[in-house]
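Please find one structure pasted underneath; my questions will follow.
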Amino acid sequence: MADLDSVEIVGGSAERQSRRDDRMMFSDRPVRSSPHRQTLNRISTKLRRIQLPDPRLHMMVTLSTPFSDPIWRGLARETDLAAQLICSGANEIGRADYASQGRYAAAQFGFSNGLERLGKLILTSDSLLSRGQPLDDKELRGKGHSILGIVDAVAKVQSERQLELGYERPTSRIAANALASFDNFAAASQGRYANHASLTGVPSPHEPTARWWTSVCEPILDEHFRGTKLEKRARADSQQVGVMLANSSVTLHFHENGSVITNVAEASFMAHERKATQKWGRFYSLGYARWMSELFTELTRGVGYTPSTEFFFGHYERLATFRVPDNFLKNRATWPLR
């Protein structure tokens, strides 16, 4: 038998020996020797007195896991749901163009619902940590569906807790316009049912596709496309397409702003524009998801290893797909990242 002071918790050897000794205790076989039992008792006492500096090691040694806790499972499902909704929005905005305008609304649906749920998840997590209980149903409903209001409340949590983040809240005008569009879409009296409102014969001023194009895509083109080499090349290419196809094809498309497109060269040029609006629209929209994911991570990662709040364990990893450099937000067309 090894000396007591040399006992280490490695490779599960102490645990296997404990299981063998437990079988001896509950079997009909006599204990081999009294000194053997005394030594086991001394080891057991020594292990109980060991101060484990890393709470993660404590969790592993004591086999104390939160996975059967309804709170842990609820947080896991809600975090997954928020992430999947945001990824859906990112995928759709990266494919939206004048030929598939339903994707603009689908993207805003995913982002508005995903950011709302992620924001409320942060707020109720903050409540769990500060009050020992989550926001109740009345409090959650009281937050409403205002994306702007929820985002401001999340920013307040960051300020009050003085959280220093690797990725901060976006501050650009285009990002703010994107968030305002999500807020417009989330409101039942505005963008969410704008198509139904237009059935009266009067176009809704809150129609999400036209609003997105005017407030987000046009500024993107001004900032990242017009006056650049990309635009010059796009005009040259579209003119060649027009020369080749003008006398042998018919074009009928509808611009996001509602105008009718019948010119082949113009339609070709619009396709080049949409490559820019897809890339940068995804980038500016995902900036909010990245900031809120970073905030949730800093809020919950450490406390997930604390015995009284183990139900936060690991959930921040479900949002790791958004906590990536700008290059990923701009260029990765499929989300989540694999």
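Every read-out reported here was derived from the displayed coordinates using simple, explicitly stated rules and does not represent laboratory data. Everything numeric here is computed off the predicted structure, so don't read it as measured data. Every residue, glycine as well, gets a Cβ built from its backbone with ideal geometry; the counts of neighbours run over all protein chains shown.
When the chain is fully extended, how far beyond the present Cα-Cα distance does S146 get from E223, taking 0.36 nm per residue of separation? Show your work: numbers first, answer last.
Working: separation 77, 0.36 × 77 = 27.72 nm, distance 2.80 nm.
Gain on extension, S146 to E223, equals 24.9 nm.
About the Cα centre, and with charges only on the beta carbon of Lys, Arg (+1) and Asp, Glu (-1), how big is the dipole of region 216-263? Nearest 20 debye, please. If you can, show how the numbers build up before the last one.
Working: 5 positive and 6 negative charges, 55 e Å.
In total the dipole reaches around 260 debye.
Rounded to the nearest whole Å³, what is the per residue volume of the convex hull around the Cα atoms of region 118-252?
Numbers: hull volume 23.0 nm³, N = 135.
Expressed per residue, the convex hull around the Cα atoms of region 118-252 is 170 Å³.
Now a separate question. Quick one: length gained pulling A333 to A155 fully straight, 0.36 nm per residue minus the C-alpha distance?
61.2 nm
Please compute the modelled spin-label separation between T171 and R301, points set 7 Å along Cα→Cβ, answer in nm with one decimal.
Each label point is offset 7 Å from its Cα along the Cβ direction, giving 2.3 nm.
Could you state the orientation-averaged shadow area of the convex hull built on the Cα atoms of region 68-133, in nm² to one decimal? List each step's numbers first, then the result.
Numbers: hull surface 18.8 nm².
If I average the Cα hull's projected area over directions, I get 4.7 nm².
Percent relative contact order of region 237-325, based on C-alpha pairs within less than 8 angstrom and at least six residues apart? Display every interim value, and only then the final one.
Details: 73 pairs, mean separation 17.5, N = 89.
Once divided by the residue count of region 237-325, the mean separation gives 20 percent.
Right, here's the next one. Cβ neighbours within 10 Å, averaged per peptide: list 104-111, 129-136, 308-315, 231-238 in order, most packed at the top.
Working: 104-111: 24.6, 129-136: 12.6, 308-315: 18.8, 231-238: 14.8.
Highest mean packing first, the order is 104-111, 308-315, 231-238, 129-136.
By how many nm would the segment from D137 to T262 lengthen if fully extended, with 0.36 nm per residue of separation less the alpha-carbon distance? Write down the numbers at each step before the final one.
Working: separation 125, 0.36 × 125 = 45.00 nm, distance 5.22 nm.
So the extension gain works out to 39.8 nm.
Right, here's the next one. Roughly speaking, what % of Cα-Cα pairs in region 253-315 are separated by over 15 Å, rounded to a whole number? The partial results should precede the final answer.
Values: 1330 of 1953 pairs.
In whole percent, the share of Cα-Cα pairs in region 253-315 beyond 15 Å is 68.
Separate question: Tally Lys and Arg at +1 and Asp and Glu at -1 over the other residues with C-beta under 13 Å from the C-beta of N327: what net charge comes out? Spell out each step's value before the answer.
Numbers: positive: K279, R282, R290, K330, R332; negative: D326.
Summing Lys and Arg as +1 and Asp and Glu as -1 gives +4.
Find how many whole Å separate the alpha carbon centroid of region 204-261 from the alpha carbon centroid of region 314-330.
Value for the Cα centre distance between the two parts: 31 Å.
Return the FRET efficiency for the residue pair S249, R77: r is the Cβ-Cβ distance, R0 is 56 Å, and the value is rounded to the nearest 0.05.
Efficiency, from the Cβ-Cβ distance: 0.65.
Hey, which of these cross-link pairs are over 21 Å Cα-Cα: K120/K275; K229/K330; K143/K279?
Details: K120/K275 33 Å; K229/K330 19 Å; K143/K279 32 Å.
With Cα atoms farther than 21 Å apart: K120/K275; K143/K279.
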